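Everything below concerns the one structure shown next.
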There are 2 protein chains.
Amino acid sequence: MADRVTIVEVGPRDGLQNEQQVVPAAEKIELIRRLAACGLPVVEATSFVSPKWVPQLADAAEVMAGIDPDTPARHPVLVPNMKGLERAVAAGATEVAVFAAASESFSRRNTNCSIDESLERLRPVIATAADAGHRVRGYISCVLGCPYEGEISPAAVVAVAEALYSAGCDEISLGDTIGIGTPHAARTLLRDCAGSVPMERLAVHFHDTWGQALANILACVEEGVRIADSSVAGLGGCPYARGATGNVATEDVVYLLHGLGLETGVDLEALARTGDWISTRLNRDNNSRAGRALLARMSTSGT
Amino acid sequence: MADRVTIVEVGPRDGLQNEQQVVPAAEKIELIRRLAACGLPVVEATSFVSPKWVPQLADAAEVMAGIDPDTPARHPVLVPNMKGLERAVAAGATEVAVFAAASESFSRRNTNCSIDESLERLRPVIATAADAGHRVRGYISCVLGCPYEGEISPAAVVAVAEALYSAGCDEISLGDTIGIGTPHAARTLLRDCAGSVPMERLAVHFHDTWGQALANILACVEEGVRIADSSVAGLGGCPYARGATGNVATEDVVYLLHGLGLETGVDLEALARTGDWISTRLNRDNNSRAGRALLARMSTSGT
């Protein structure tokens, strides 16, 4: 069997929460259904943060209620705290994700507390979820740079990764929130983190703001990572640079990985159609270059 | 001294010839001047193809006449045949480039003859230029795929590279004209070509149509290539897929290479400003993600 990379599709949550428009729950449910039907093994569904913070996600329970119970995909949801976890579980979630930052300034601005305090608050959330048999993912933001502090030391990232892993997270996603990292830095960071967390428990989450996302994914896959986050059609802008590109597009990642001989289980043509569908619905550009190129070829060949 | 990569800036020629609008010669001259002032060591200036084929480049002699004689950069120009070479030399060019395809169908459609016939026609052009002391670059198109034939075998590319090199070309640029290649294929092709042409005489020329350009450059730089072609602001669309991305943006490449600890001699901020300037003049989007991100940061920090 060929080597496999697990794509974690974050478009319906991380993507839509950074788009301008509010998308109706029915449309989110349809997007999630289509993405799972493309063969994506993990489709992050929504977030149980307070609707006061992110109004785009106020319909989290409604979205969860609409997910096909026979879906072939796993559908983690974001939970910021114990209250979010309770709401998520009540809504039927069986897999959750928590988030912390590797930058003190970002942590204070985003969660109103220090990194250590945020980890302290997350420990019981992670433990409660894990005790109930739920899989828990830990997101770390700003792993290769911070919009307020600039450079972030790999040691700071490793410390947070280690803390989340020992608190019970099954998987740690290393997020280059501002998309500023380059392959050498990304590879070095991954190697450092793999000294504390097993490589198979690490995921990479790149934004394409500086155009480096696919090169970074290539470097990290060469280094051994086998889980990558991405967003169909590149859904989601960059909240720290107006008009800039955010999440790397899933279509581009799948095309890269298949070209490397790595399996993803994803039907790229179906995915390109899904990316086109949601881009049209949102009246936005399709930010996947592989998606656009593939659609152009499909329309030429009449498929 | 750190390891160095030579960027061959192709925006004023390959870029502008694929843009919709005709740009006045004075503006082309100004673009070339600004690009050289950014520290780019090689800025392809124009093309002496027949104005009947590419009306955007009918002002080739005028552009050459406007180039600062004290420019720190080298300024190769494209020549399709002996007549083009004569016009180029008469206009003051001291460095030229010829082109051939690795795909029979592309060769026939683009130059109206087979690959072998095109090589036969180019041999005296290359020899004449080389005998006069001019440096000669050989472009090969469709090295990782053809819009008409699909896959292209590495052996076909190696044969053309070998023929151009033994005909007297100083440098061979391997062009993924439709931007369809992925890193494993790119790396393998480069390795194969380096079996016949010394690695230091090979350049890579990637288009970003499928989003893979930077990942491909990373793979090829890891493999040993030290010359990369790119286009400021990603000037130039893809003539084979309407609305698709063409040349990889120089700003993104420079940002990648500097992050890898490789020197380019390029002032990235000056380059980003130049990319923004020409994009504004052409009333088009700036297709460099690193350029846009850097400009956003510069405007925030007031620099």
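Less than 13 Å Cβ to Cβ from A:Trp53, Lys/Arg counted +1 and Asp/Glu -1: what total charge do the surrounding residues give?
Residues close to A:Trp53 contribute a combined charge of +3.
Using 7 Å Cα-to-Cβ label points, what is the B:Asn283/B:Met298 separation (nm, one decimal)?
Result for the modelled spin labels: 2.4 nm.
List the residues whose amide H sits under 5 Å from the amide H of B:Ala97, counting only those 5 or more places along or on another chain, with H placed 1.01 Å from N in the peptide plane.
For B:Ala97, whose amide H was placed from the backbone, the distant partners under 5 Å are B:Val77, B:Leu78, B:Val79, B:Arg137.
Hey, what did segment B:6-301 get for relative contact order, percent, Cα under 8 Å, at least 6 apart?
Relative contact order for segment B:6-301 comes out at 17 percent.
Please arrange B:Ser196, B:Ser279, A:Ser231 by how many other C-beta atoms lie within 10 Å of their C-beta, fewest to most.
If I rank by nearby Cβ atoms, fewest first, I get B:Ser196, B:Ser279, A:Ser231.
Give, as a single signed number, the net charge of other residues whose beta carbon lies under 15 Å from the beta carbon of A:Ile152, with Lys and Arg counted +1 and Asp and Glu -1.
Here the count lands on -3.
For segment A:211-303, run through the trypsin sites (Lys or Arg not before Pro) and keep only the ones in DSSP coil with at most 11 other Cβ atoms within 10 Å of their Cβ.
Counting only loop positions with at most 11 other Cβ atoms within 10 Å, the trypsin sites (Lys or Arg not before Pro) in segment A:211-303 are A:Arg242.
Name the residues whose placed amide hydrogens come within less than 5 Å of the amide hydrogen of B:Ile227, ignoring near sequence neighbours (fewer than 5 apart) on the same chain.
Under 5 Å from the amide H of B:Ile227: B:Thr6, B:Val204.
Once the Cβ-Cβ distance between B:Arg4 and B:Met82 is put in as r, and R0 is 41 Å, what FRET efficiency do you end up with, to the nearest 0.05?
With a Förster radius of 41 Å, E is 0.75.
Mind putting a number on the dipole of the protein assembly as shown about its Cα centre? Charges go on the C-beta only, +1 for Lys and Arg and -1 for Asp and Glu, and I need it in Debye to the nearest 20.
900 debye
With N set to the number of residues, divide the alpha-carbon radius of gyration of segment B:6-301 by 2.2 N^0.38 Å and report two decimals.
In units of the 2.2 N^0.38 Å rule of thumb, it is 0.92.
Under 14 Å Cα-Cα from A:Lys28, which aspartates and glutamates qualify once same-chain neighbours fewer than 8 residues away are excluded?
A:Glu9, A:Asp14, A:Glu19, A:Glu44, A:Asp59, A:Glu62, A:Asp68
Find out how many positive minus negative residues lie around B:Tyr165, taking Lys and Arg as positive, Asp and Glu as negative, among other residues whose Cβ is under 14 Å from that of B:Tyr165.
Neighbourhood net charge equals -1.
How long are the semi-axes of the equivalent ellipsoid of segment B:59-126, defined as square roots of 5 times the Cα gyration tensor eigenvalues? Whole Å, largest first.
Values for segment B:59-126, descending: 27, 11, 10 Å.
Quick check on segment B:93-188: what does the Kirkwood estimate of hydrodynamic radius come out to from the alpha carbon pairs, in Å?
About 13.4 Å, per the Kirkwood formula over Cα pairs.
For segment B:139-180 and segment B:82-134, compute the distance between their C-alpha centroids and round to whole Å.
14 Å
Out of residues 5 or more away from A:Ser173 or on other chains, whose amide H comes under 5 Å of its own, with H placed 1.01 Å from N in the peptide plane?
Residues meeting the amide H criterion: A:Gly138, A:Tyr139, A:Ile140, A:Ala203.
Quote the convex hull volume per residue of segment B:187-231, based on C-alpha atoms, as a whole number of Å³.
Taking only Cα atoms, segment B:187-231 has a hull volume of 64 Å³ per residue.
Give the average over all directions of the projected area of the C-alpha convex hull of the protein assembly as shown, one decimal, in nm².
26.6 nm²
From the Cα gyration tensor of segment B:189-296, with a ≥ b ≥ c the square roots of its eigenvalues, which class applies: rounded if a/c is under 1.5, or else prolate if a/b is larger than b/c, or else oblate?
Oblate shape, in that a/c is at least 1.5 and b/c is the bigger or equal ratio.
Determine the distance separating the Cα centre of segment B:29-72 from the Cα centre of segment B:264-303; give it in Å without decimals.
So the two Cα centres are separated by 21 Å.
Hey, got the dipole for chain B? About the Cα centre, +1 on K and R Cβ, -1 on D and E Cβ, debye to the nearest 20?
Charge dipole of chain B: 460 debye, to the nearest 20.
When the helix-only estimate is applied to the protein assembly as shown (DSSP H runs of n ≥ 4, each -39,500 (n - 2.57), divided by the residue count), what is the mean residue ellipticity at 222 nm, nearest 500 deg cm²/dmol?
Roughly -13000 deg cm²/dmol at 222 nm, from the helical runs in the protein assembly as shown.
Here, each number is a calculation from the coordinates, and none is a lab measurement. Since this is a predicted model, take the numbers as computed values, not measurements. All Cβ positions, glycine included, derive from the backbone under ideal geometry; neighbour counts span all protein chains shown.
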